[in-house]
Amino acid sequence: MSRVLITGAYRGIGAACALAFASAGARLVLADIRNPEDTAAAARAAGAAEVLSLSCDVSDEASVAALGQNVDAAFGGLDVLVHCAGVIHEAPLLDTPVADFDRVIAINLRGSFLIGQMAIGRMAGTPEDPARAILIASDMAYYGRETFSPYVASKHGVLGLVRSWAKEFAPRILVNAICPGPIDTDMLGAEHMSPEWRAKELAIPLARFGQADEVAQLALFLGGPGGAYITGQGLGINGGSVMP
């Protein structure tokens, strides 16, 4: 059964992905800045073959290296990465301290680089049975959004990593991004986004927020047989917010 690493597994899309892969009987490594043990317990109940729950700061090289060592010890390698860890930041450009920009880039973009480097280095896929690396980007990476420039830049950078890695590691590793639109998680809460922007998120054709488990089902598809001819893509799950 597949050995799957899911970051950002404490809550939101990461937790939903953990349950989706658990229901498929995967062996899971769940990581988050906070130890996602509650998600791990739910994954075990959902049918995961094995679950390891760990703390990891994806922006810190030593922390990611330690995660890799734990992956080696527990599973001896990886078949699937689902990298969900990330943060959002809303502020006008002229009111955005450099420290806030650095934090968003460190977690969202540097973290994607570090986790991707660590995970892909532990994948031994073949053209007949390729491993999978799936990174969570955002629909904002395509259309931009005022007052979210650090976040948009970070997620646009994630798409650049995905396209480069897809070419570098084909055909033995398939690398894709999922680009969610407005998903009903804590990221859309008042702590991260103003009520005005929450209202604007609903001005899309489907006129509703998506659910984390809907994103998780797309990740499960990309990680399974159905995703065998997909690489280098940013797949939108966005209620029509972006129509390339």
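The values are calculated or read from the model by the stated rules, or taken from the named source; none is laboratory data. Values in this document were obtained by computation on a predicted structure and should not be read as measured data. Ideal geometry is used to build each Cβ from the backbone, glycine not excepted, and the neighbour counts take in all protein chains shown. The accessibility values were calculated without ligands, DNA or RNA, using every heavy atom of the protein model including side chains. Shrake-Rupley method; radii C 1.70, N 1.55, O 1.52, S 1.80 Å.
Within the stretch 31-42, being in contact with a Leu (Cβ under 7 Å, 6 or more places away or on another chain) and within 14 Å of Thr7 (Cα to Cα) holds for Ala31, Asn35, Pro36, Thr39, Ala40. For the stretch 66-101, a residue qualifies if it is outside any helix (DSSP H, G or I), open to solvent by 20 Å² or more (accessible area, probe 1.4 Å) and under 15 Å from Gly121 (Cα atoms), and the qualifying residues are Gly76, Asp79. The residues on offer are Arg172, Arg163, and the sole one that is modelled with pLDDT of 95 or more, in contact with a Ser or Thr (Cβ under 6 Å, 6 or more places away or on another chain) and either open to solvent by 70 Å² or more (accessible area, probe 1.4 Å) or hydrophobic (A, V, I, L, M, F, W, C) (or both) is Arg172. On inspection, Ser149 fails the criterion of being free of Cβ contacts under 8 Å to residues at least 60 places away in the same chain, within 23 Å of Trp165 (Cβ to Cβ) and hydroxyl-bearing (Ser, Thr, Tyr). Residues of the stretch 176-224 that are assigned to a helix (DSSP H, G or I), touching a helix residue (DSSP H, G or I) at 6+ places or on another chain (Cβ under 7 Å) and farther than 17 Å from Gly12 by Cβ: Phe221 alone. Restricting the stretch 128-160 to residues that are among the aromatic types (Phe, Trp, Tyr), more than 15 Å from Gln233 (Cβ to Cβ) and not in a loop (DSSP other than H, G, I, E, B), the residue that is modelled with the highest pLDDT is Tyr151.
Gly125 satisfies every condition listed in (1) in a loop (DSSP other than H, G, I, E, B); (2) open to solvent by less than 10 Å² (accessible area, probe 1.4 Å) except (2).
For the stretch 1-34, what are the residues that are touching a Phe, Trp or Tyr at 6+ places or on another chain (Cβ under 8 Å) and open to solvent by 40 Å² or more (accessible area, probe 1.4 Å)? Matches in the stretch 1-34: Ser2, Arg3, Arg27, Ile33, Arg34. Considering every residue within the stretch 142-153, establish whether at least one is within 23 Å of Val58 (Cα to Cα), of a type in the set (Gly, Ala, Ser) and open to solvent by less than 10 Å² (accessible area, probe 1.4 Å). For the stretch 142-153, residues within 23 Å of Val58 (Cα to Cα), of a type in the set (Gly, Ala, Ser) and open to solvent by less than 10 Å² (accessible area, probe 1.4 Å): absent. Is it the case that the stretch 110-118 has a residue that's open to solvent by 30 Å² or more (accessible area, probe 1.4 Å), β-branched (Val, Ile, Thr) and in a helix (DSSP H, G or I)? No, the conditions are met nowhere in the stretch 110-118. Restricted to the stretch 190-244, and to residues there that are exposed (fewer than 14 other Cβ atoms within 10 Å of the Cβ) and hydroxyl-bearing (Ser, Thr, Tyr), the residue that is modelled with the lowest pLDDT is Ser194. When you look at Ala62, is it open to solvent by 10 Å² or more (accessible area, probe 1.4 Å), without any contact (Cβ under 8 Å) to a residue 12 or more places away in the chain and in a helix (DSSP H, G or I), yes or no? Considered against the rule, which asks whether it is open to solvent by 10 Å² or more (accessible area, probe 1.4 Å), without any contact (Cβ under 8 Å) to a residue 12 or more places away in the chain and in a helix (DSSP H, G or I), Ala62 comes out as yes.
Would you check if Ile105 is open to solvent by 10 Å² or more (accessible area, probe 1.4 Å) and either within 25 Å of Arg172 (Cβ to Cβ) or part of a helix (DSSP H, G or I) (or both)? Spelling it out, Ile105 is indeed open to solvent by 10 Å² or more (accessible area, probe 1.4 Å) and either within 25 Å of Arg172 (Cβ to Cβ) or part of a helix (DSSP H, G or I) (or both). Filtered by the rule that a residue be more than 22 Å from Ser59 (Cα to Cα) and among the aliphatic types (A, V, I, L, M), the stretch 167-180 gives Ala170, Ile173, Leu174.
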